[in-house]
1. Using 7 Å Cα-to-Cβ label points, what is the Leu109/Met165 separation (nm, one decimal)?
2. Starting from the 7 Å offset along Cα-to-Cβ, what nm value, one decimal, do you get for the label separation of Thr248 and Ile131?
3. Quick one: which residues, 5 or more positions from Leu254 or on another chain, have an amide H under 5 Å from its amide H? H modelled 1.01 Å from N in the peptide plane, none for Pro or chain starts.
4. How much FRET efficiency would the formula 1/(1 + (r/R0)^6) give for Leu298 and Phe324, where r is the Cβ-Cβ distance and R0 is 22 Å, rounded to 0.05?
5. Residue by residue through the range 248-253, what is 3J(HN,Hα) from phi via Karplus (6.51 cos²θ - 1.76 cosθ + 1.60, θ = phi - 60°)? Round to whole Hz and write x for glycine and proline.
6. Which whole-number value in Å² is the accessible area per residue of the range 251-339, probe 1.4 Å?
7. Using protein chains only and a probe of 1.4 angstrom, how many square angstrom of Lys293 are accessible, to the nearest 10?
8. Using the Karplus curve 6.51 cos²θ - 1.76 cosθ + 1.60 with θ = phi - 60°, work out ³J(HN,Hα) for each residue of the range 318-332 in order, rounded to whole Hz, and write x for Gly and Pro.
Amino acid sequence: SIAGRFESRSRNDHNATYTRSTGSFSSFDERGSDEATRRPDAYPRSAPSSGSSRAERDYLRKREPRYDIPPPPTMAEVSSTIFEFSSRYITHYGPGILNQFQFILSRVLIVIASIVGLMLFILLYVVLTGIRDQAKLCKAPYPPVNAERPLVEYYVHGRGNGHYMRSIAIIDKLTDANYDVRLFVGRAALWRAYMQPIKNQKNKTNVNKGVTTAIAVTSTLNDRYNIFFMLSHALERIRGDCQVAFQTKRYPFLIVSDGDTPGIIRARLAGVPSVAISHGQVFATATKPSYVKKDPRLIAAWNRQFVVNRNTGFFSNWQIATNFMPMETYLKTAVVARA
């Protein structure tokens, strides 16, 4: 019956009995007999019951595995391990990584060089195109337009009185010699307010005197602006000065620049002879005095001024330096005038 089979199965499950005195399993079951014979000291993995003896609990506690926690490593051991791992990694994978890095770096450099080359090409194209357009605008038409008196364009650098006062004296001589002067100066308002009435009064008594026209311009040298802004401003200056000649249909036969670089560049673009006048031309055209050659500090200061003032008259046909002492020049196109 069902009850008989259940009782028989329960009896077979309890055949494997635990002998506490010997601490071993006694099993008459086919699956557990061999294992009990081979492991006489085997205990169940489960913790003993509350009714177990103290000797049994001590024995089980001794048989449990112990997991000892090692002490934390020192910083020197950690550093040594990281260094050893890194050195082995680099030794094994270093050549491959280096080759890959060189390959990527070469490709990046090629891309950067291509971009820089393209930008330089575009910049060069823009500059050359602008110079060509400026030259067309600045050059006088052929045949030249006839005028009653020849015209001289005079450029005055900066806003100080040094260049301005020297230029007034030269312009007076030009107008007395029956030359018209187109003056580009930062102090145009001052000229029109004080000098123009005097010129008009002189012209009433002598109709053969030349006429001076003052046009206001801004200086290209300013500490607040960077080199790119000053270059752009100089190009705008040159274009504006050439537009004055184009609109009035009067082109100069000579350009005089008192320390103004855009005026000299405008003369070179137009193919007009030019004269550079400045006290700074002493450093660019005169030979060093003996007392300067003996002092390294004076030599360094002279060389700095040479670079600055050489640029203002680099494209000029003639150079005139003003100084209080007579000096010799090493250029055939230059002379030192005593002020």
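The values are calculated or read from the model by the stated rules, or taken from the named source; none is laboratory data. Quantities reported herein were computed from a predicted structural model and do not represent experimental measurements. No Cβ is skipped: glycine too gets one built from the backbone with ideal geometry, and neighbour counts run over all protein chains shown. Just so you know, the surface numbers come from the protein's heavy atoms only, side chains and all, with ligands and any DNA or RNA stripped out. Shrake-Rupley method; radii C 1.70, N 1.55, O 1.52, S 1.80 Å.
1. Between Leu109 and Met165, the simple spin-label model gives 5.9 nm.
2. Reported label-point gap for Thr248 and Ile131 is 2.8 nm.
3. Result for Leu254 returns Glu153.
4. The formula returns an efficiency of 0.80 here.
5. With coefficients 6.51, -1.76 and 1.60, one gets 8, 6, 10, 10, x, 9 Hz.
6. 54 Å²
7. Number for this one is 130 Å².
8. In residue order, the calculated couplings are 9, 10, 10, 9, 9, 7, 7, 10, x, 9, 8, 10, 9, 10, 6 Hz.
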